[in-house]
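The values are calculated or read from the model by the stated rules, or taken from the named source; none is laboratory data. A quick note: this is a predicted structure, and the numbers were derived from the prediction, not measured. Cβ atoms come from the backbone with ideal geometry, glycine included; neighbour counts cover every protein chain shown. Remember, those area values only see protein heavy atoms, side chains included, never the ligands or the DNA or RNA. Shrake-Rupley method; radii C 1.70, N 1.55, O 1.52, S 1.80 Å.
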Amino acid sequence: MNRVVTDYEAYLFGEGTWLRAWEKLGARPAVVEDQAGYTFAVWAPTASRVSVVGNFNGWDAGAHPMRNLGVSGLWETFIPGVVEGEPYKFELQSALGGPSFTKADPFALAAEHPPRTASVTSTLGRHEWRDHSWMDARTLRGGVALDAPMSIYEVHPGSWRRKPEEGNRSLNWKELSNELIPYVKQLGFTHIELMPVMEHPYEPSWGYQVTGYFAPTSRFGSPDDFRAFVDTCHLNGIGVILDWVPGHFPKDAHGLARFDGSALYEHEDPRQGEHQDWGTLIFNYGRHEIRNFLLTNALYWLESFHVDGLRVDAVASMLYLDYSRDAGQWIPNRHGGRENLDAIDFFRELNTITHEQYPGTAIIAEESTAFPAVSRPTWVGGLGFTYKWNMGWMNDILTYVRKDPVFRRWEHQHLTFSMLYAWNENFVLPFSHDEVVHGKGSLMTKIPGDEWQRAATLRTLFAYMYVHPGKKLMFMGSEFGQWHEWSHERSLDWHLLAGPVHSGLQRFVTDLNHRYLAEPSLYEVDFAEPGFEWIDCNDHEASVISLIRRAHDPEDWVVAVLNWTPILRHDYRIGVPEAGFYEEMLNSDAEVYGGSNVGNEGGRQTEEVPRHGHQQSLVLTLPPMGTLILKLRNLGT
């Protein structure tokens, strides 16, 4: 039989540059000498014997031994008669001794439904894509349009909506296509971000402890069902971002841990190779084959599933050798520092390759420290990510809204501090799943006061996210004021929408999204100073802030005023750049949103009274716990 993996491909794998390794490693359908079957290839350099076992050979390790390709550590074989849908594993004997053991295929395209752990023979996809216009437009941009709107709806697909009448089961990809996509489109979000869809055995890990890096989880359907979901998103003008987990992997016996009897994917030394907080193992980023595994995996999802980006989980844990470790529990780098130089090189290679090969896709870092230049190009010394989550802003603003309004005057810095570093990175402002689990409560329950005050504060909180520079992310359920802390085991509390408070909040988020999409000033200049200007950030006694957002065209701008107390404020004066009538485009206190309907009769005319460095000013009525967004409407416009 001819070789499955050529000498050249084995060489590239050894130097970490075989970027399309997913096409041959693992189990792939093939016809050899007129016989249909499957080729199998796996990397196991410390194994003395490797066999393919499955239903097709009675799980007999002697039936289909694999041949060793020498110093590359790769093994391969072809088995005629194997068809799609067959469970299989690799049985290995380590040269280090001990009994033989079985492992799932690291490159498997599909896997059995947990708790079963076998890999399943599959194909690289038969789905007939219809999203040609979307993909062509994405490529023609030549890169991510940082001046485009991005409003992300973060979803755990297993708990967004369930079927209580059918044993509380999760929706599958086909049902999610019919229900989730129209919902997201109606609400005006531009992207869906999915928590990890890669196969994982442990349900409470939410997908963040991956065993099948190339296999969409079988919980929601086949790989082609997932492709059809992405396709339908694109046909509806919605991008898809996947959470991706290159930072660690679980110790499950069938997974990557000590794959060939040695510390193959991880480090041997637990001071480098184990996450103490999570009980998981850390990839050895200094090993060429491991970087190859992760890089080809990232490219696989971007190409084979047409996804529009990856949100890289737990970047901070990868960047620092002493992450969550005490003195003596970590090994410094070759310069004596705490930075993981191999991980830094990996990130730069990842971002260079993905941006070159898949222009228009976004790689987003969940990075919680002040590590410099995370979203700056590699050629200026940055890590090369497209965006970075702004965890500082999120922590500050949630600290602020937790305070009783009477005390917020002494916490005003939490509202304004983010603008001191807003241009350091390309930021995404997140209200993610991490903020509504593990006893933290939902966004609604973080806020003091009665139900009306909580909902009003939440509307202003969301308004601040949308008028603040940066792209936006909101976790599912937040858009209608979920009361319960999120649980992966149950559906969101959709019944709340029967009440005016929650349906009003949902309507506000919908109108906020659509206003955001309609106003270039709210998204075009997110990452540079010309896009933002404080009118007044110093009124801590009233807990009011006012600001201007500008588009590329400096004459296209909006004014936002946010009142963070339940006090109705009459005759509140702010300076504005030009004279004229300022239309009240959005008022979070409108009755249709569940508010008290206090406003400015559609807008206000300026007065020639200097204020805040401007010659013109507006006298406004500020609704309690409310936000106003206004725009100059000159006569005849």
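Data table
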read-out: 15 Å Cα-Cα reach of Lys185 towards aspartates and glutamates, excluding residues that sit fewer than 8 places from it in its own chain; value: Glu154, Glu193, Asp231, Glu479, Asp511
read-out: Separation of alpha-carbon centers, region 1-30 and region 541-596, rounded to whole Å; value: 59
read-out: HN-Hα J in Hz across region 612-626 - Karplus 6.51, -1.76, 1.60, θ = phi - 60°, x for Gly and Pro; value: 6, x, 10, 7, 10, 8, 10, 10, 10, 9, 9, x, x, 6, x
read-out: Karplus 3J(HN,Hα) series, Hz, for region 186-202 with 6.51 cos²θ - 1.76 cosθ + 1.60 (x for Gly, Pro); value: 4, 6, x, 6, 8, 9, 10, 10, 9, 4, x, 9, 6, 4, 8, x, 9
read-out: Positive-end extreme of charge dipole, region 380-503 - chosen from Trp483, Ser418, Gln453 (charges on Cβ); value: Ser418
read-out: For Phe427, distant residues with modelled amide H under 5 Å away; value: Lys388, Lys471
read-out: Placed amide H near Glu339: partners under 5 Å, 5+ positions off or other chain; value: Leu321, Asn333
read-out: Listed residues His64, His438, His156 arranged by accessible area, highest first, probe 1.4 Å; value: His438, His64, His156
read-out: Spin-label model distance (nm) - Asp252 vs Ile331, 7 Å beyond Cα toward Cβ; value: 2.8
read-out: Solvent exposure of region 104-217 as accessible area per residue, Å², 1.4 Å probe; value: 39
read-out: Reachable lysines from Lys163, criterion Cα separation under 17 angstrom, eight or more residues apart if same chain; value: Lys174
read-out: Percent antiparallel among DSSP beta bridges (both partners in the chain, rounded to 5); value: 70
read-out: Accessible-area value, Tyr323, 1.4 Å probe, nucleic acids and ligands omitted, Å²; value: 70
read-out: Candidate lysines - alpha carbon under 18 Å from Lys403, same-chain residues fewer than 8 apart omitted; value: Lys440, Lys446
read-out: Helical mean residue ellipticity (222 nm; -39500 (n - 2.57) per DSSP H run of 4+; nearest 500) of the chain; value: -7000 deg cm²/dmol
read-out: Probe 1.4 Å, all protein chains present, accessible-area order of Lys174, Lys403, Lys471, Lys163, largest first; value: Lys174, Lys403, Lys163, Lys471
read-out: Per-residue ³J(HN,Hα) for region 583-597, Karplus 6.51 cos²θ - 1.76 cosθ + 1.60, θ = phi - 60°, Hz, x for Gly and Pro; value: 6, 7, 6, 8, 10, 5, 8, 4, 4, 5, 9, x, x, 8, 6
